[in-house]
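Novice: Below: one structure in C-alpha cells.
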Amino acid sequence: MPEPDRYAVVGHPVHHSRSPLIHGMFARQAGDRLSYGLIDAEPEEFENTVRGFFAAGGKGLNVTVPHKQAAYRLAQRLGREAALAQAVNTLSLEHEMIRGDNTDGIGFMRDLALNFRRSVAGQRVLILGAGGAARGIVAPLLGAGPAQLWLANRTLERAEDLRREFLGLGEIVVSSFQDLDRLPPFDIVINATSAGLKGVQPAFPGNLLSAESFCYDLAYSVNDTPFVAWARANGAGETAQGWGMLVEQAAESYLIWRGHRPDTAPVLETLAR
Ligand code: ATR
C-alpha cells in the first residue's frame, strides 16, 4: 500500500495547535488516508523547512504564527485572498510550484454566516487591531457590504497603512483606541489584537457596545478570552471566540488540498466553544 499523503502545520511555537486533531477528524469523515503532523520551525529555518517538506513528497502545509508573511514571500503563486492579505496560511504544490492561499478570511466569514447567522451587509463593523490577523479579514468584510468599517489600533500609523493598502476595495475609517470613546455602539466588534494572548485587555471604552452588539474574538481559549470577558461585562448581546473560524479555515485548506470540503459541524461540536 502506498504511503499516506503527508500534511502538517508549521509554526513557532506549534505544540498547542489543534490542526492535527481537526484534520484527523476531516480525514476520518471522508475515509481519506493521510497523516498530519506538527513542525516547529524558527523564523530562520522556515524557508528550508518548507522546501524540504515538499521536496520529500509532502502534499500540503498550514502556516501559523509567526510565519504567515514569510510564507507569502516564499510562494511562487498566490490565491486572490493571499495576495490581498499579504499573508499565507495554506501551501500546496501546483505544477511543481509552491502555491500560497489564505483561508482565514473565508473561514471567518463562513463562521459568521453559518454558525452565528450574522450578516455583515448594512452593519457598522469595528475591527480592533491592524496586524496579520486583521489583514486576513479586511478584504472579505469590505466585500460583504458593511454600512461602515472602522479599524482602531494602538499604533495609528499601522492602521493608516492598512487603510491605504485596501483603498481599492472600499473605505475604512481608522483611529486610535482613544478616539473611540464618543462613538455610538457598533453592530459587530472584532478583536484582532494579540493583547489577549499575553493575558492583557486594552481599556476599550464601554460605549462601543449595546445589547445588539455581537463581539467576536479571533483568538480562542477554553475559558473566556480577556476580550470576551470585557464584552460580556460591558453589555454585549452575544460573544464568540475564534473556534468556528479555526475549523472553517481548516476545511477551506482541506478543500484546496483534497478537492472536497469536510462537514465542519461535528468537528466544531467536539472542540470547546
Ligand atoms: P497578528 O498576526 O496576531 O495580528 P501582529 O501582526 O504582531 O500579530 O499584530 C498584533 C496586533 O495586536 C497589532 O494590532 C498590535 O498593535 P500595534 O500595531 O500597536 O503593535 C496589537 N496589540 C498587541 N499587543 C497589544 C496590547 N497590549 N494592547 C493593544 N494592542 C495590542
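The values are calculated or read from the model by the stated rules, or taken from the named source; none is laboratory data. Being a predicted model, the structure only gives us computed values, none of them experimental. Here the Cβ is made from the backbone with ideal geometry for all residues, glycine too, and neighbour counts use every protein chain on show. Only protein heavy atoms, including side chains, enter the accessible area calculation; ligands, DNA and RNA are left aside. Shrake-Rupley method; radii C 1.70, N 1.55, O 1.52, S 1.80 Å.
Novice: Can you name the residue in region 2-27 that is assigned to a strand (DSSP E or B) and of a type outside the set (A, V, I, L, M) and is also most open to solvent (accessible area, probe 1.4 Å) among such residues? Show your work before the answer.
Specialist: Here is the first cut: in region 2-27, the ones assigned to a strand (DSSP E or B) are 5-11.
Of the ones still in play, those that are also of a type outside the set (A, V, I, L, M) are 5-7, 11.
Details: ASP5: 48, ARG6: 90, TYR7: 12, GLY11: 0 Å².
Looking at the filtered set, the residue picked out is ARG6.
Novice: Could you grab me the full set of residues in region 51-90 that are of a type in the set (Val, Ile, Thr) and either over 22 Å from LEU197 (Cβ atoms) or away from the ligand (no atom under 12 Å from the Cβ) (or both)? Working first, answer last.
Specialist: The initial filter retains those residues of region 51-90 that are of a type in the set (Val, Ile, Thr), namely 63-65, 88, 90.
VAL88, THR90 - these are the residues of region 51-90 that are of a type in the set (Val, Ile, Thr) and either over 22 Å from LEU197 (Cβ atoms) or away from the ligand (no atom under 12 Å from the Cβ) (or both).
Novice: Can you tell me how many residues in region 129-159 are within 11 Å of the ligand (Cβ to nearest atom) and at negative phi? Break it down stepwise before answering.
Specialist: Quick first cut of region 129-159, residues within 11 Å of the ligand (Cβ to nearest atom) only: 129-137, 151-159.
Then keep just the ones that are at negative phi; that gives 130-137, 151-159.
Counting residues in region 129-159 that are within 11 Å of the ligand (Cβ to nearest atom) and at negative phi gives 17.
Novice: Moving on. Evaluate region 28-35: report whether one residue or more is within 16 Å of the ligand (Cβ to nearest atom) and open to solvent by 60 Å² or more (accessible area, probe 1.4 Å).
Specialist: Our first condition is that a residue be within 16 Å of the ligand (Cβ to nearest atom); within region 28-35, this holds for none.
Taking every residue of region 28-35 in turn, none turns out to be within 16 Å of the ligand (Cβ to nearest atom) and open to solvent by 60 Å² or more (accessible area, probe 1.4 Å).
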